[in-house]
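As structure tokens, the structure follows; a few thoughts come after it.
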Amino acid sequence: MSHTSMTAAPDKAESSFFARLLKRQEMALFLCLVLVIAFFSFTAENFLSVRNMTNVFGQASLALTAGIGCAIVFISGEVDISIGALLATIALPLILIMNGTESLVLGIGGALLFGLIIGIVNGYLTAYAGINSLIVTLGMMFILRGGVYLYTGQRAIPDDAALDSFIALSDGRLFGVIPYSAIIAFGLLLIFAYMMQHRPFGRQIYAVGGNPEVARLAGYDVRRVKFTCFIISSLLATVAGIILAARVGSAQHTAGLNFEFQVVAATVLGGVSLAGGIGSLTGMALGVLILQFLSNGLRGLGLPTEWQLVITGIIIIAAVAFDEAKRRRAIGG
Amino acid sequence: MKQLKSVLFASAALTLAALPAQAQNMPKRIGYVTNYATHEWYQNVIKGMQARAKELGIQFEVQDANLDIAKQVAAAEDFMAKGVDVLIVTPVNEEGVVPLLRQAKSNDTPVVLEGNPVKGMTTMVAICDYDTGYFSGVEAGKYAKEKLGGTAKVMNVGLPLLSATVLRSQGFMDGLKTIVPEAVMVHDLDGGGNPDRALEVSAAALAKNADINIIYGINDSSSLGGLQAWKAAGKSQDALLTVGTGGEGLAFINAMEKEPSYRIEAAMFPEKEGYTAIDAAVKLFNGEEVPEHIVSPTAPMIGEDWKKFYDYDASTRSIKWDAVNALKAPEKCMKTAADLK
Amino acid sequence: MSEIVHPSPARRLAGGRLLGSSQLVLAVILAALCIAISLAAPQFYSEANVIAILRQCALVLIVASGMTMLIITAEVDLSVGASLAFVGCIGMAVLNATHSLTLGILASLAFAGGVGLVNGLVVTRLKVNSLIGTIGMMMMLQGGVYLFTREAVQNHHQLSSFTGLGAGYVGPIPMPVIFAAAIFIIAYVTLRFTTLGRYLYAVGANEKAVRLSGLRSERLKLLAFVVTGLCVGIAGMILASLMNAGQPTAGRGFELTVIAAVILGGTSLLGGRGSLFGTLLGVLVLKVIDNGIIILGWNQDLQMVVPGVVIILASYLDIVRNKANVR
């Protein structure tokens, strides 16, 4: 992988070239999204209705929120595949604390604390102990998933407290239209996109992922940056887990199974490279929306699961291949 | 006199049953969110639903949650946005669809559940899992007494994930003990409900306890996985009994024809369950009173019994509706998920 | 990717000792596990159980042998689990239709090899990252198998030669173990003693340098994908034989077990480093844990937790040992 030519290095000319390239890439993704929506609005019944559109945004909130963390970790040059299992795990402190104390704040606090600890462990083992992040987070995935199974005895734990504020996370809609979960997801997206593009820490993440040697020479603490990225990822997966727990009204031991595959696919589809240093949160968000509208539209057409799987698989490969071809041409030209 | 009375009563009952059927308004469309459409059990549930919906002239659509609770909620939301008249749902998980029921309620969409009960539900169509296990356990006990010298050492290829499957295993042991009181469950395994996992865990269990002589599976994949592990260990099936549950697809027919130890199958007639669920959906649409649990019948099939209920032409099976519709379902289950807690 | 160790002749000699550093850690873990489980439950080392463990290992080892080569070239294949199920269905269906075991095996090999070829082309020609490309393939195969058959493909002819693939024995040794041993040895010799093996390491270690030196690195990667596919073809037929049917639902999570075993064995996901002997140890450790938990009658949910801990722990110990060696 040719890192050096692609990183948002401190070099001014290069970063503006990079920004231009990114813009083009996002434009292509946006067109792709429009195309998907246009196609289904003609073919799938009821696709364009406000109700269906807002539903999709609510459904996308999970992958969108977790996708921010996934993209940031990718950009820092690492991977985190423990997020799906974490989604299921943090529902335990959340629901148990809410059932015990009838307090949403305490429940969310407990969940975030748990997510923080997992982020610290992932980050420490990767950044400081130097273990490959795929191995760390694969191991963590087994530990968390198995831990949830063990603790719950494979029984879901119901939300007995049924606090109105918690239910609102699932059913509530701003002005009766836009789901709160979508507002949370897009709010977080705005905040983190701003951080990635306009704050020094964002630049550090791009530099660390693009070329750790150069980043070190530039005086960045590579380990600390990566460590922080894992914490961000775990905390965002925790938020996604809270939304999911509200949507299913319980702590589910099988929640988020294969979720990491969905998020990784959407992130890469959105132009975020696994090699580090390349991509944007806007691209990731477009990737998530494309896949969400696609699966909603395919459901709307009444296609059986097997066709949905086959078509999604083809589109992921085709989109990434197309993106790669475009990128190589851009570099070549 | 008595006869006349009963005839009168029967014809009155018939008219009563027939009248509302004619007066009923039919829902235009029914949406079904299934748990796992690629599984044979659900495919046959869907077949039964399609058959009944076609008979009644209802537009019927299926969405698959593919074992993903988040996807189940999304699919149900899609259906409600489309404006289906009644929703049928097989919960991926009993607790996980509570918010979905809440949403349906605020949307005035009636919901029929299939398979698993949920807090706050209107009605559910399901078999009695405990009873299903129990009666196949009784048959297994008789077989053990006759052919296995009265001993019963059971390997349960179970699935602790669902209360339904836990109940089946419990029912089997309780039924078995009514005939062979000293029967024991030597191994209580989690076979994941799928054949390769069942094969793997059973291999280890059989290696540990060579004296196992009954394999019980909570579904056909589990019992077959257990039996394949037995065969792979190079053991003869002479002093073995394999008991399957479900009768969900073709696998059990094949096994009953070809495997000497596969003698008992607790049939659950998925087609019938789907058929009944559509009827329940129509009743809900018309605002009729329905019981909380509509029981769908099950029956242990021994040896060749399956031919009474199914035609099989080497590639597909078709249900014999007359035989299955003649089966009587109990009013109430001996034990339900509520008794597990 | 800068931390790659180049397979200089000196290193290859060092690696030539039977146990490299990571393998030593793993061998100790394996021995400790076996002793501990045997003390707690003597049935563990009964003949029946040892055979059961070996048979379980065989399926994983067959695919892991190919996967080790592939990961050494710095690529990965997540579609092997989905392919395993599909292959079994196709092999069974062809066997049913033709009454010929040979044709059944050929069909399954052709299919699985074809899947490997497509994976390889997507990665080398279309330049799609292999993690993503093979996730896409996984989805297509998971969907595709249900388009092919909605129900398990039953074994109509009950050919004894087919049943023998999975459940047969040669003397006291189960057939799958013999297949696995043969494939393992071929892969081992290829990686250790042939030019091809050296090239595979070289491609993973530094793709650019290899391309400059005139080697067709893409061909080599393609080859590794196809070999992995063929291994899945063999494993899929054995599994179908063991289950006496082609099961579209089989193979769930199989890819993770295989990859976990390979990386547990010390093969680097960055490519260029790793050994088949480590993979063998990795497979044994994972399957002994799986088996031990059942033999001990522990809660089966530990079958997920314990491997997770072991994977992280083994990688960590390996790093600690390397650091100690440097000092």
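Can you confirm whether B:ILE88 is in a strand (DSSP E or B) and either on the phi > 0 side of the Ramachandran plot or in contact (Cβ under 8 Å) with a residue 60 or more places away in the chain (or both)? Answer is yes for this residue.
Summed over the stretch B:148-187, residues that are more than 9 Å from every other protein chain (Cβ to nearest Cβ), part of a strand (DSSP E or B) and out of contact with any Asp or Glu (no Cβ under 8 Å at 6 or more places or on another chain) total 5. The set of residues in the stretch C:277-312 being in contact (Cβ under 8 Å) with a residue 40 or more places away in the chain, at the interface with another protein chain (Cβ under 10 Å from one of its Cβ atoms) and either of a type in the set (Phe, Trp, Tyr) or within 27 Å of C:ILE72 (Cβ to Cβ) (or both) consists of C:LYS287, C:ASP290, C:PRO307, C:VAL310, C:ILE311.
Report whether or not B:ALA255 is within 16 Å of the chain's Cα centre (by Cα) and either in contact (Cβ under 8 Å) with a residue 24 or more places away in the chain or within 11 Å of chain C (Cβ to nearest Cβ) (or both). No, not satisfied.
Apart from one condition, C:LEU269 fits all of (1) within 7 Å of another protein chain (Cβ to nearest Cβ); (2) in contact (Cβ under 8 Å) with a residue 40 or more places away in the chain; (3) buried (at least 23 other Cβ atoms within 10 Å of the Cβ); the exception is (3). Can you find a residue in the stretch C:170-177 that is modelled with pLDDT under 90, out of contact with any Phe, Trp or Tyr (no Cβ under 8 Å at 6 or more places or on another chain), over 21 Å from C:VAL76 (Cβ atoms) and within 7 Å of another protein chain (Cβ to nearest Cβ)? No, there is no match, as no residue in the stretch C:170-177 is modelled with pLDDT under 90, out of contact with any Phe, Trp or Tyr (no Cβ under 8 Å at 6 or more places or on another chain), over 21 Å from C:VAL76 (Cβ atoms) and within 7 Å of another protein chain (Cβ to nearest Cβ). The single condition among (1) crowded, with 22+ Cβ neighbours inside 10 Å; (2) touching a Pro at 6+ places or on another chain (Cβ under 8 Å); (3) not aliphatic (A, V, I, L, M) that C:PRO176 does not satisfy is (2).
In summary, B:SER222 fulfils each of the numbered conditions (1) more than 7 Å from chain C (Cβ to nearest Cβ); (2) more than 18 Å from the chain's Cα centre (by Cα); (3) part of a helix (DSSP H, G or I) with the single exception of condition (2). Within the span defined as the stretch A:164-173, one or more residues are surrounded by fewer than 21 Cβ atoms within 10 Å (Cβ to Cβ), outside any loop (DSSP other than H, G, I, E, B) and modelled with pLDDT under 90. If only residues of the stretch C:139-164 that are of a type in the set (A, V, I, L, M, F, W, C) and out of contact with any Phe, Trp or Tyr (no Cβ under 8 Å at 6 or more places or on another chain) are counted, the one that is farthest from C:ARG252 (Cα to Cα) is C:LEU159. Go through A:VAL121, A:VAL105 for me and flag whichever is among the aliphatic types (A, V, I, L, M) and facing chain C (nearest Cβ under 10 Å). Among A:VAL121, A:VAL105, only A:VAL121 is among the aliphatic types (A, V, I, L, M) and facing chain C (nearest Cβ under 10 Å). Summed over the stretch A:198-232, the residues that are assigned to a loop (DSSP other than H, G, I, E, B) and surrounded by 17 or more Cβ atoms within 10 Å (Cβ to Cβ) give a count of 2. Taking the stretch A:291-322 as the range and being at the interface with another protein chain (Cβ under 7 Å from one of its Cβ atoms) and under 15 Å from A:VAL34 (Cα atoms) as the test, only A:ASN296 passes.
Among the residues of the stretch C:113-152, those that are at the interface with chain A (Cβ under 7 Å from one of its Cβ atoms) and farther than 16 Å from A:ALA318 by Cα comprise C:GLN142, C:GLY143, C:GLY144, C:TYR146, C:LEU147. Applying the condition of being more than 12 Å from A:GLY276 (Cβ to Cβ) and aliphatic (A, V, I, L, M) to the stretch A:215-228 and asking which residue is nearest to the other protein chains (Cβ to nearest Cβ) yields A:LEU217.
Restricting attention to the stretch A:33-59 and to residues that are out of contact with any Leu (no Cβ under 7 Å at 6 or more places or on another chain) and among the aliphatic types (A, V, I, L, M), the residue that is farthest from the other protein chains (Cβ to nearest Cβ) turns out to be A:VAL34. Put simply, of A:LEU257, A:LEU298 the only residue that is surrounded by fewer than 22 Cβ atoms within 10 Å (Cβ to Cβ) and in contact with an Asp or Glu (Cβ under 7 Å, 6 or more places away or on another chain) is A:LEU257. Residues in the stretch C:41-92 that are aliphatic (A, V, I, L, M), at the interface with chain B (Cβ under 10 Å from one of its Cβ atoms), in contact (Cβ under 8 Å) with a residue 12 or more places away in the chain and part of a helix (DSSP H, G or I): C:ILE51, C:ALA52, C:ILE53, C:LEU59, C:LEU84, C:ALA85. Helices (runs of 4 or more DSSP H) fully within the stretch B:245-341 that include at least 1 residues being on the phi < 0 side of the Ramachandran plot, out of contact with any Leu (no Cβ under 9 Å at 6 or more places or on another chain) and of a type in the set (Phe, Trp, Tyr): B:270-285, B:306-309, B:321-326. The residue that is nearest to the chain's Cα centre (by Cα), counting only those in the stretch B:282-341 that are hydrophobic (A, V, I, L, M, F, W, C) and within 14 Å of another protein chain (Cβ to nearest Cβ), is B:ALA337. For the stretch B:249-266, the tally of residues that are out of contact with any strand residue (DSSP E or B) (no Cβ under 9 Å at 6 or more places or on another chain) and within 19 Å of B:GLY158 (Cα to Cα) stands at 0.
In the set B:LYS335, B:LYS283, only one residue is surrounded by fewer than 21 Cβ atoms within 10 Å (Cβ to Cβ) and in contact with a helix residue (DSSP H, G or I) (Cβ under 8 Å, 6 or more places away or on another chain); that residue is B:LYS335.
The rows are residues; the columns are (1) out of contact with any Gly (no Cβ under 7 Å at 6 or more places or on another chain); (2) closer than 21 Å to A:THR228 by Cβ; (3) at pLDDT 95 or above; (4) assigned to a helix (DSSP H, G or I).
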| residue | (1), (2), (3), (4) |
| --- | --- |
| A:GLU45 | no, no, no, no |
| A:LEU48 | yes, no, no, no |
| A:ASN52 | yes, no, no, yes |
| A:THR65 | yes, yes, yes, yes |
| A:CYS70 | yes, yes, yes, yes |
| A:VAL73 | yes, yes, yes, yes |
| A:GLY77 | no, yes, no, no |
| A:ILE81 | yes, yes, no, no |
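Test each condition in (1) under 19 Å from A:VAL56 (Cα atoms); (2) away from chain B (no Cβ under 14 Å) for A:GLN262 and report the one that comes out false. With (1) under 19 Å from A:VAL56 (Cα atoms); (2) away from chain B (no Cβ under 14 Å) applied to A:GLN262, the lone miss is (2). The numbered conditions (1) more than 27 Å from A:VAL320 (Cβ to Cβ); (2) buried (at least 23 other Cβ atoms within 10 Å of the Cβ) are all true for C:ALA93 except (2).
Scanning the stretch A:182-197 for residues that are in contact with a Pro (Cβ under 8 Å, 6 or more places away or on another chain), assigned to a helix (DSSP H, G or I) and not charged (D, E, K, R) turns up nothing.
The values are calculated or read from the model by the stated rules, or taken from the named source; none is laboratory data. Nothing here was measured: the structure is a model prediction, and the numbers come from that model. No Cβ is skipped: glycine too gets one built from the backbone with ideal geometry, and neighbour counts run over all protein chains shown.
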